[in-house]
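Comments concern the structure below.
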Amino acid sequence: MAEMQIHSHVTELPQSCKSAAERMAAELEEEDRYVNLSGDCLKKLTKLEQKIGKETGEKVALVAYRL
């Protein structure tokens, strides 16, 4: 018996592969939201994280999103 084909926004895939491919596509879309920072900008961001961390006593992570 032939395996049923399901239409996915990724591509035509068998049912067994559809959810994994869609999860990967969603993850790639999520990654595209982040700004690719230059080395200099990344150093500035890291220094600011450290400064805020010292002032608050918390571990801090700052994220640059594309708007």
Protection proxy ranking, peptides 48-57, 18-27, average beta carbon neighbours within 10 Å, highest first: 18-27, 48-57
Identify all lysines with a Cα-Cα distance to Lys44 below 23 Å; exclude those on the same chain that are fewer than 8 residues away in sequence. Lys54, Lys59
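Computed from the coordinates by the stated procedures, all read-outs in this text should not be read as laboratory data. This one's a predicted model, so the numbers in the text were calculated from it and none came from an experiment. Here Cβ is always computed from backbone atoms with ideal geometry, including for glycine, and neighbour counts include all displayed protein chains.
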